[in-house]
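What follows is a short report on a single structure.
The values are calculated or read from the model by the stated rules, or taken from the named source; none is laboratory data. Keep in mind it's a predicted model, so treat the numbers as computed, not measured. For neighbour counting, all protein chains shown are included, and Cβ atoms are generated from backbone atoms with ideal geometry for every residue, glycine included.
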Amino acid sequence: MGAHWLSIIGIGEDGRSGLSPRALGLIDSAGLVVGGARHLALVGEVPGTALAWTSPLEDTIPAILVRRGTPVVVLASGDPFWFGVGTTLARHIPCDEMTVIPAPSSFSLAAARLGWALQDTITLGLNSRPVETLTPHLHANARILALSVGAETPALIARLLTGRGFGRSTIHVLEALGGPHERVRTQTAAAFALQDINPLNLTAIEVAADALHRPIPCVPGLPDELFENDGQLTKREIRAVTISSLAPKPGELLWDVGLGAGSVAIEWLLAHPATRAIGFERDTERAARAARNAHALGVPRLDVRTGAAPEILAGCPAPDAIFIGGGASNEVLEACWRALRGGGRMVVNSVTLETEALLFAWHDQRGGTLTRIAIERAEPVGTKHGWRAAMPVIQWAGRKG
């Protein structure tokens, strides 16, 4: 079997003329050349069999694997391992069976055209994620490069920016970079009206804030008013302590049982772009409200499931952390604890004496920590001010051995 039977070759809009002699030699000696219709058109006729990707991409993998040990070329846009097909292939084929020849990514080309320092620029793939994913990154003076899913993406970005108070932001639409039809056009978000945009485009954003802009802070404990709610909301100060106790890490999965407005799950997801969360809520209106909050705050990846615990928990992926903020019972706690991964964290908040007693018992049985959180806020008392206490919260936090 050929040690490097699979060649992944990055190709730009300049087609064959931009490929190295080595890349051209691999293409011309391959029995199978796989790529998108655009890639195959760019490379022109090939001696071997040309195969266009199907949708989803995974469905084409068997046709590649059946050729294992014989020369196969996969064409990719720019850098195959930056929002590219290389990652998909690497899930099925070891890297020591590959030869990879990347071309400049569209991010690199855009930075070169605009004179931006790529290491200081936020790069996003809106070709595979909702445009709301931009929201947490909207801070004054930020620079963002975002891959588009098609011709409509720049206008969607402009609308999002304007709606959140960043209408003064400059939007550069960079089309067909690196080829004969390359074009770069610039407008502000508020006045955006570009037409006839090439579907192959990238949007660059220089973020500028209006007077009434609404950025999302970078620390836990977002203002309560950012969340649409019916009163079923873990309040700001309690939420900050709760996120600290849950201790999110990249790639980890949270179960939020009794989702309410979704504030804890949303802040877990905001902690890192690779975190994941499933929210369980028996009330359909609250579940829909939590989903709206997730979209509004830039984490549409929140997986909201409607139903009652513990029944709804069955069959769900094992979590790394669990938060229970409402509807705690010994049955629910036991089901969650059984599902929790080894080394995982579980945090339960209570404002009732009945749940408090349950948490004392859990503390006796499983250890962990018990914390009483009491918040007082200054409020008017006649013409003066005094302290008004919120209901104290008892928090139990435990780690599964």
Residue identified as crowded, with 24+ Cβ neighbours inside 10 Å, farther than 16 Å from Thr135 by Cβ, of a type in the set (A, V, I, L, M) and touching a residue at least 40 places away in the same chain (Cβ under 8 Å) among Val257, Val299: Val257
Candidates Glu228, Glu267, Glu237, filtered to the one that is of a type in the set (Asp, Glu), farther than 30 Å from Gly12 by Cβ and outside any helix (DSSP H, G or I): Glu228
Within region 54-73, considering residues that are free of Cβ contacts under 8 Å to residues at least 24 places away in the same chain and closer than 25 Å to Glu13 by Cα, the one surrounded by the most Cβ atoms within 10 Å (Cβ to Cβ): Thr54
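Is one or more of the residues making up region 328-345 part of a strand (DSSP E or B), closer than 20 Å to Leu233 by Cβ and in contact with an Asp or Glu (Cβ under 8 Å, 6 or more places away or on another chain)? Before you say what the answer is, go through the steps one by one.
Looking only at region 328-345, we keep the residues that are part of a strand (DSSP E or B), and these are 345.
If we keep only those that are closer than 20 Å to Leu233 by Cβ too, we end up with none.
No.
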Every pair of residues 6+ apart whose Cβ atoms lie under 9 Å, when the first sits in region 12-35 and is free of Cβ contacts under 8 Å to residues at least 24 places away in the same chain while the second is charged (D, E, K, R) and in a helix (DSSP H, G or I): Leu24/Arg16
The one condition in (1) within 22 Å of Leu200 (Cβ to Cβ); (2) over 30 Å from the mean Cα position of the chain (by Cα); (3) of a type in the set (Ser, Thr, Tyr) that Thr54 fails to fulfil: (2)
Flag if Arg301 is under 15 Å from Gly258 (Cα atoms) and among the charged types (D, E, K, R): no
Ala208 being modelled with pLDDT of 95 or more, surrounded by fewer than 18 Cβ atoms within 10 Å (Cβ to Cβ) and either on the phi < 0 side of the Ramachandran plot or in contact with a Lys or Arg (Cβ under 8 Å, 6 or more places away or on another chain) (or both): yes
Residue check, Leu109 buried (at least 17 other Cβ atoms within 10 Å of the Cβ) and within 23 Å of Val43 (Cα to Cα): yes
Lone unmet requirement of (1) within 20 Å of Ala37 (Cβ to Cβ); (2) surrounded by fewer than 19 Cβ atoms within 10 Å (Cβ to Cβ); (3) of a type in the set (Gly, Ala, Ser) for Ala76: (2)
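For every residue, the table says whether it meets (1) in a loop (DSSP other than H, G, I, E, B); (2) out of contact with any strand residue (DSSP E or B) (no Cβ under 7 Å at 6 or more places or on another chain); (3) more than 22 Å from Trp116 (Cβ to Cβ).
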{"site": "Phe166", "(1), (2), (3)": "yes, yes, no"}
{"site": "Val173", "(1), (2), (3)": "no, no, no"}
{"site": "Arg185", "(1), (2), (3)": "no, no, no"}
{"site": "Phe192", "(1), (2), (3)": "yes, no, no"}
{"site": "Asp196", "(1), (2), (3)": "yes, yes, yes"}
Matching strands (runs of 3 or more DSSP E) fully within region 24-77 where at least 1 residues are within 20 Å of His4 (Cβ to Cβ), at pLDDT 95 or above and touching a Phe, Trp or Tyr at 6+ places or on another chain (Cβ under 8 Å): 32-35, 72-77
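A quick yes/no check of all residues on (1) out of contact with any strand residue (DSSP E or B) (no Cβ under 8 Å at 6 or more places or on another chain); (2) surrounded by 15 or more Cβ atoms within 10 Å (Cβ to Cβ); (3) assigned to a strand (DSSP E or B):
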position	(1), (2), (3)
Trp362	no, yes, no
Arg372	no, no, yes
Arg377	no, no, yes
Gly386	no, no, yes
Met391	yes, no, no
Ile394	no, yes, yes
Gly398	no, yes, yes
Given (1) part of a strand (DSSP E or B); (2) closer than 30 Å to Arg68 by Cα; (3) under 17 Å from the mean Cα position of the chain (by Cα), index of the condition Thr99 fails: (3)
Among residues of region 210-266, those that are of a type in the set (Val, Ile, Thr) and outside the structural domain of Arg338 (by TED's automatic domain parsing), counted: 2
Residue list for region 27-39, restricted to those being buried (at least 21 other Cβ atoms within 10 Å of the Cβ) and either outside the structural domain of Leu89 (by TED's automatic domain parsing) or not β-branched (Val, Ile, Thr) (or both): Ala30, Gly35, His39
Matching residues in region 230-242 - criterion: being closer than 27 Å to Pro310 by Cβ, surrounded by fewer than 24 Cβ atoms within 10 Å (Cβ to Cβ) and modelled with pLDDT of 95 or more: Ile238, Arg239, Val241
In region 125-163, residue surrounded by the most Cβ atoms within 10 Å (Cβ to Cβ) [restricted to those that are among the basic types (Lys, Arg) and modelled with pLDDT of 95 or more]: Arg143
